[in-house]
Amino acid sequence: METVNYDVVVIGAGPGGYVCAIRAAQLGFKVALAEKYDVLGGTCTNVGCIPAKALLDSSEHYHKAAVQFGTHGIDLEGLHLNFQQFIQRKQEVVKQNTSGLVYLMKKNKIAVHHGLGSFVNTHQLKVGDQVLQGRYFVIATGSKPASLPGITIDKKRVISSTEALSLPAQPASMIIIGGGVIGVEMASVYARIGTRVTILEYAGSLIPTMDQELGKALQKSLATLSIDIRLNCQVQSAVNTGNAAVVGYLDKDGQQQELTADYCMVAVGRRAYTAGLNLAAAGIETMKSGKIPVNKTLQTSAPHIYAIGDVIEGPMLAHKAEEEGTLVAEVIGGLTPHLNYNLIPNVVYTWPEVASVGATEEQLKASGVAYRSSKFPYMASARARASMDTEGFVKVLVAAAYNEVLGVHIIGPRAADVIGQAAVGMAHETTAEEMYRICYAHPTYSEALKDAFLLGAGKSAINI
Ligand code: FAD
């Protein structure tokens, strides 16, 4: 068996792994990237962020054509959805992204080894018929969909988001277990194109980990798409009956209920993935959750082996994985990078989009911090009125003592992009006054931030 020597061996080519590999190569290291599948990009590029956003965009176009184009004076006759093309375009978007990654690996002279990586000992990883010998290793093996006790995702009728992104035909009905980010995004995709969607959520609100006002506003918004949202439901079973899925659950009053649909999509979170990696040979143990424990510089219990992304603790987000990939490459390179985990934005790509950064109102209440909460509605934004996207608001949470911005929570048009501006400000510990004194282009969706910060600084907004 051939042994190849590298400075840094990265295991897993998702956003954590490929960004880490690129940054390490930029810093002058000889880098290998091991990837189990034939394509690069991991969950995010192949069966996560990118395909989900492609279908969200297509379904939003269709929905707007059906319900809003007439108001713009655009008359369409015979509107219909070609579902095969809908899925095909998504696949092409994925391909553009995965091909781009092949180019980036070549450009940065990163050696890509396809095959399952498995530790032989603390300094050697077997991939296919080669052994990659490394001074440093970075585990970026990501996560896989989780399920509930007693529910098997058979990938036929009881499916995960992976299958929901590539169904063979448009379903007439779909039950989604879980009203978190993935659940509400896929619910939006299918409801917009006419599938009857029911969400069963265990908690008392949608997207329960975000600021609760966002969940409530999103619930109202999704109800306009005729999504049947059932909260406080405890799902007990989901069974493939051949041509349908039957879901059994206890409703909010503890009554036993049963629902049938073409598909049941299980979206109850994801579990860290280390199968086949043979961590024992590297002397690394996982936690009960399956995650790999790391210290502040993301070192595992073996000091030359690091772990990043979904496989360690923290939000399971592509941009979090990417930042950790950069951080580890720079730590290995002798730099002193810093990652502020409080300022990782959280985004839901429904329409209107939902985005937040910093502390939620619930967190501030629990920690006893004195704060002021202010809200500016998109109804009062000229840009939003021009595009008929007036649903939602910008909510800012400001420290009562020094006016520092502690949290920004948005439901509204292009919230995913607008939140970046708030994050930049918060990274510099700005006050609400400093934020409203910035000149925002007119008319833009981000202008809503200015008015929200004016209110947050205890002043009057201009536009309400
Ligand atoms: P992954 O992307 O999971 O990559 C891990 C890679 O490691 C995989 O390619 C895997 O094949 C490989 N691997 C595993 N074991 C081995 C081994 N032993 N040897 C070699 N290779 C191995 N996040 C966002 O920030 N924004 C979004 O909009 C968003 N949307 C999402 C939508 C959906 C439907 C889903 C499912 C997820 C979404 N996410 C989103 C989450 C995001 O995809 C993950 O947080 C991100 O992919 C994690 O990156 P990672 O590099 O840690 O792992």
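The values are calculated or read from the model by the stated rules, or taken from the named source; none is laboratory data. Small disclaimer: the values here were computed from a predicted structure and weren't measured. Every residue, glycine among them, receives a Cβ derived from its backbone with ideal geometry; neighbour counts consider all protein chains shown.
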Which residue, of Phe69, Phe86, is more than 18 Å from the chain's Cα centre (by Cα), farther than 16 Å from Tyr190 by Cβ and assigned by TED's automatic domain parsing to the domain that holds Gly14? Phe69
Counting only residues that are buried (at least 18 other Cβ atoms within 10 Å of the Cβ) and in a strand (DSSP E or B), the range 241-270 contains a total of 10
Would you list the strands (runs of 3 or more DSSP E) that sit entirely within the range 1-119 and hold 1 or more residues that are crowded, with 22+ Cβ neighbours inside 10 Å? 2-11, 31-35
So which of Ala54, Ala34, Ala65 ends up being of a type in the set (Gly, Ala, Ser) and closer than 18 Å to Leu167 by Cβ? Ala54
Given (1) within 27 Å of the chain's Cα centre (by Cα); (2) under 15 Å from Ala359 (Cα atoms), identify the lone condition not met by Lys450. (2)
Being closer than 23 Å to Val354 by Cα and either without any contact (Cβ under 8 Å) to a residue 60 or more places away in the chain or touching a Cys at 6+ places or on another chain (Cβ under 9 Å) (or both) is the requirement here; does His61 meet it? yes
Go through the range 401-410 and give me each residue that's over 14 Å from Lys450 (Cβ atoms), modelled with pLDDT of 95 or more and of a type in the set (A, V, I, L, M, F, W, C). Leu406
Please enumerate the residues belonging to the range 122-141 that are within 13 Å of the ligand (Cβ to nearest atom) and either outside any strand (DSSP E or B) or charged (D, E, K, R) (or both). Lys126, Gly128, Ala140, Thr141
Quick one: which of Thr43, Thr71 is more than 15 Å from the ligand (Cβ to nearest atom) and in contact (Cβ under 8 Å) with a residue 12 or more places away in the chain? Thr71
Is there a residue in the range 359-371 that is in the same structural domain as Glu35 (by TED's automatic domain parsing), exposed (fewer than 15 other Cβ atoms within 10 Å of the Cβ) and over 30 Å from Ser221 (Cα atoms)? no
Test of understanding: among Ile344, Ile308, Ile332, which residue is away from the ligand (no atom under 11 Å from the Cβ) and at pLDDT 95 or above? Ile332
For Leu449, which of the numbered conditions (1) surrounded by fewer than 23 Cβ atoms within 10 Å (Cβ to Cβ); (2) not in a strand (DSSP E or B) fails to hold? (1)
Does Lys156 qualify as being in contact (Cβ under 8 Å) with a residue 60 or more places away in the chain, at negative phi and surrounded by fewer than 24 Cβ atoms within 10 Å (Cβ to Cβ)? yes
Let me confirm something: among Ile139, Ile176, which residue is closer than 30 Å to Val19 by Cα and crowded, with 24+ Cβ neighbours inside 10 Å? Ile139
Does the range 369-386 contain at least one residue that is within 16 Å of the ligand (Cβ to nearest atom), among the hydrophobic types (A, V, I, L, M, F, W, C) and out of contact with any Asp or Glu (no Cβ under 7 Å at 6 or more places or on another chain)? no
